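Take a look at the structure below.
The values are calculated or read from the model by the stated rules, or taken from the named source; none is laboratory data. Quick caveat: nothing in here was measured; it's all calculated off a predicted structure. Note: ideal-geometry Cβ built from the backbone for every residue, glycine included; neighbour counts use all protein chains shown. Protein only, heavy atoms only, side chains kept; ligands, DNA and RNA dropped before computing areas. Shrake-Rupley method; radii C 1.70, N 1.55, O 1.52, S 1.80 Å.
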Amino acid sequence: MSQWVIKGLRTGVKSTRYPRAEETAAGISPGLPTAATLPLEVAQSLVARCPADALELAPAGVDVNLRRCIHCFRCVRGTNSPLGWEHSYEWATAVSGGNDQKRQFGPAFDRSVHILVVDTGDCGACLNEVRQLNNPYYNMHRLGFFLTPTPRHADVLLVVGALTDHMRVPLRKAYDAMPSPKRVVAVGACALSGGIFGRSFMCAGGVAELLPVDVEVPGDPPPPLAILHGLLVAVGRKPPARLHRAVSDSVGNASG
Amino acid sequence: MFSDLHYSFGGLVVEQLTRWELRYVFYGGPGAGWLHVLTHLAPSDYRVPSVSRLVHAADWHEREVEDLFGLVFEGHPRLGDFVLHDDAWHEGVAPMRKSFDGRQPVTHRAPDQNWKPRQIVEEAGAFLMPIGPIYATATGPVHFQLETVGEDVIRVQPRLFYAYRGLEKIAEGRRAEDVLLIAERISATSAFAHSLAVCQAVERICHMEVPPRARALRIFVAEFERLRHHVAAIEGICESTGLAVAAAQASILEEDLLRLSCVLTGHRYLFGLGTFGGLTINLDDSACNRAAAQVREVAEKLSRLERMLSISSSFLDRLEEVGHVSAGEAGDFGLVGPIARASGVSRDMRKAQPYSGYDQIEFEVPHESEGDGYARLRMFFREAAQSVRIISTVGQAVPGGQVRAPEVSFRPGAALGWVEAPRGAALHWIRLGEDGVVDRYRIITPSFANWHGFRLAAENFAFQDFPIILATFALSVHENDR
Ligand code: SF4
């Protein structure tokens with residue numbers, strides 16, 4: 001077995017320096033569109049191109065509701081007037097559910113947070129990005145985040161996927177079995193609003209239909225660093241970003 | 001009869017036209033083409049003879065149709081609880097019927113909190129172990145009923161469809177372009193493969209020519225996706241045996257390939273790349289060359305990993321002669337992809353029914369004969385090496401010209417599109433009405449076929465082997481459930 005030890009040591013340190021420093025490697029995030037000042041006609045045609053209702057007509061151009069964006073690139077590809085695009089990854093926001101005193105974490109959670117991941121019906125993308133957090137590049141253990149298979153040990157419920165009918169009961173049971181205080185982090189466009197699966201005979205939309213959500217991480221899927229940002233927001237170690245980007249913002253960048 | 005003619009069962013497509021149409025799709029080997037067997041029923045009729053005694057691979061297809069369309073397959077040994085879970089859904093709901101409005105929520109039974117699986121094994125000391133749908137860390141939702149006697153698992157029943165999102169239904173009435181968004185989200189790790197199958201079906205209906213550059217780049221990207229999938233599968237197998245360093249090494253390679261996908265196409269899972277008539281963006285020659293060079297680096301690391309694994313005896317002990325599936329079983333159950341090939345059933349759409357120009361490229365479809373966990377692991381390594389070979393060949397000589405045909409003009413009609421997705425054959429049937437509006441979208445996935453046969457591998461092995469056997473099958477619940 002010694003050859004494996006040597007192999008491990010030879011590989012050296014791969015881990016990102018985030019959150020101490022920004023991560024700049026190529027390919028870590030698909031990025032997101034940015035709001036733009038545009039003539040009305042152009043703005044209208046772009047809004048019509050978006051299949052996820054993520055673009056909204058604003059008095060001076062187009063606003064982006066990042067919560068709904070599914071990275072389909074239709075507002076930047078195959079059009080003569082593409083929207084801008086930025087390669088950020090700090091996308092997580094805090095939502096009102098988090099104001100409840102009972103749900104706040106104390107200092108005991110600063111270096112040890114256990115996370116139960118529940119897939120309520122995704123396509124596997126968000127789930128796979130969550131899994132990447134354990135690979136040596138992201139190595140979330142160094143920040144005190146650990147995945148747990150049981151709700152009894154979990155502090156954070158991380159939900160990916162649209163809420164299918166068949167997952168309602170298991171999700172509720174898992175949440176109820178978690179000790180307090182506990183927080184819910186919804187990851188990905190589907191967990192936020194149902195995403196491309198929407199509301200239908202099988203999907204109720206996002207997880208907020210059933211549980212109080214504290215942190216939302218948009219993206220389809222959000223890249224590993226966006227999910228990590230979401231966890232850091234959940235425990236109060238990073239400030240949240242703002243999800244609705246308007247042309248009227250003086251700085252079109254909410255990634256902080 | 002069909003297997004005597006060397007035709008394999010591809011899947012069952014049911015359509016509610018002026019009358020019921022049931023289309024049993026079979027495909028032959030190279031040069032043998034497709035065989036569609038049709039039967040029709042009056043609109044008010046709902047009884048069909050089951051074929052699953054003759055064509056066992058049709059077993060789950062019939063169960064699905066019974067659940068979703070309300071047709072009854074007479075003589076089928078086991079209909080009932082399948083896609084729609086009995087503890088939540090009222091009897092008689094048939095969501096795939098045209099009269100059912102898929103946009104509205106459905107009122108259910110009050111969910112039965114005390115639902116319990118049925119115990120079948122009655123031997124002394126028999127024990128039923130329910131696992132899931134939430135189990136282990138970060139897994140897709142599936143429930144297993146393992147019936148054990150002592151150490152051994154005697155019977156395995158997966159209860160699936162917790163991630164059933166009703167994709168076939170919600171596609172109806174939408175525009176063909178939007179079906180691409182759905183296809184990419186059947187299973188993210190095979191997103192490009194599924195979107196390619198949809199593209200090919202629509203291109204067939206609309207008589208679209210795909211420019212040579214786009215055809216070549218589609219192969220380039222499809223093989224790239226296969227490589228990434230196989231690396232992830234290898235990682236899963238290492239992890240299931242507790243070989244942490246090897247799993248970490250493979251996961252580094254997976255992340256490298258995800259990043260490379262993002263650099264090359266803008267998205268880590270290749271979303272938004274496929275479109276009717278080609279690709280949405282051009283991948284220029286220098287980008288392809290750089291990507292191919294990086295892929296070769298990954299390949300080198302991968303073969304070093306393979307060499308190290310092949311001399312780690314404690315690792316091999318967990319895989320060899322474990323989770324065995326014979327060639328006969330794999331054939332009968334209609335297993336596909338690397339799982340079938342590990343048992344010596346060499347089905348591959350790229351050779352059997354070539355598309356996008358695969359017939360002009362030199363590559364091999366490796367196969368093994370043992371059908372155990374180690375054979376499946378070797379398949380992932382050997383196929384990954386072939387993908388690297390294809391990426392290198394295609395990347396060196398991408399023909400010039402456009403990457404997209406001029407604007408598509410939709411016509412009404414129906415067609416099948418198929419690909420060899422990373423996990424095996426994927427068949428997509430699309431019927432378009434006027435103006436490119438989708439009337440029927442049928443998705444037949446490799447995970448659906450392989451989940452059907454998974455119990456062959458897992459039964460009669462020790463309980464501790466179960467997670468390892470599961471990992472060697474590289475199954476996706478998302479791809480199965482749809
Ligand atoms: S990339 Fe996002 S904002 Fe742009 S069209 Fe697609 S979903 Fe809409």
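Annotations for the structure displayed:
- Peptide B:261-269 shows a mean partner chain C-beta count of 6 within 10 Å per residue C-beta.
- Local electrostatic count, B:Gly242, Cβ distance below 15 Å [Lys/Arg +1, Asp/Glu -1]: -3
- The calculated FRET efficiency for B:Lys301 paired with A:Ser2, based on their beta-carbon distance and R0 = 25 Å, is about 0.80.
- FRET efficiency for the A:Val42 to B:Asp359 pair, using the beta carbon distance and R₀ = 60 Å, is estimated at 0.85.
- Ratio of Rg to Rh for region B:1-103: 1.00 [Cα atoms; Kirkwood radius as inverse mean 1/r over pairs].
- Equivalent ellipsoid semi-axes, chain B, via Cα gyration tensor eigenvalues times 5, rooted, Å: 33, 31, 20
- Whole-angstrom gap from region B:295-319 to region B:1-69, using each part's C-alpha centre: 41 Å
- What the Cβ-Cβ distance of B:Asp101 and B:Ser369 gives, at R0 = 51 Å and to the nearest 0.05, is a FRET efficiency of 0.50.
- Debye-sum result for the protein assembly as shown in log10 I(q)/I(0), which assumes one identical scatterer on each alpha carbon, at q = 0.05, 0.08 Å⁻¹: -0.23, -0.61
- Over the protein assembly as shown, accessible surface divided per residue gives 37 Å², non-protein components excluded, 1.4 Å probe.
- Taking label positions 7 Å along the Cα-Cβ direction at both B:Ala136 and A:Arg111, the computed distance is 3.2 nm, reported to one decimal.
- Stretch gain in nm, segment B:Leu38-B:Glu74, where the contour uses 0.36 nm per residue and the Cα spacing is subtracted: 11.2 nm
- Paramagnetic reach from B:Ala462 (point 7 Å along Cα→Cβ, amide N under 20 Å) across region B:141-177: B:146-156
- Under 23 Å from the Cα of A:Lys173 - lysines, other chains or at least 8 residues apart: A:Lys102, A:Lys182, B:Lys116
- Think of it as helices only: each DSSP H run of n ≥ 4 in the protein assembly as shown is worth -39500 (n - 2.57), and spread over all residues that comes to -10000 deg cm²/dmol at 222 nm.
- Relative frequency of Cα-Cα separations exceeding 17 Å in region B:383-482, percent: 71 percent
- Estimated distance in nm for a label pair at A:Thr11 and B:Ile120, the labels positioned 7 Å out from Cα along Cα-to-Cβ: 4.0 nm
- Ranked packing of A:155-162, B:412-419, most packed first, by mean Cβ within 10 Å: A:155-162, B:412-419
- Cα-based shape type of region A:93-234, given that a ≥ b ≥ c are square roots of the gyration tensor eigenvalues and the cut on a/c is 1.5: oblate
- Net charge of Cβ neighbours under 12 Å - reference B:Lys351; Lys, Arg +1; Asp, Glu -1: -2
- Averaged over peptide B:87-99, the number of partner chain Cβ atoms lying within 10 Å of each residue's Cβ comes to 1.
- Summed over both chains, the accessible area lost when A and B associate is about 5400 Å², using a 1.4 Å probe.
- In plain terms, if you count all Cα to Cα distances in chain A and split them into 5 Å steps from zero, the share in each step is 1, 6, 13, 17, 18, 15, 12, 8, 5, 3, 1, 0, 0, 0 percent.
- Around A:Ala52: net Lys/Arg minus Asp/Glu count, Cβ-Cβ under 11 Å: +1
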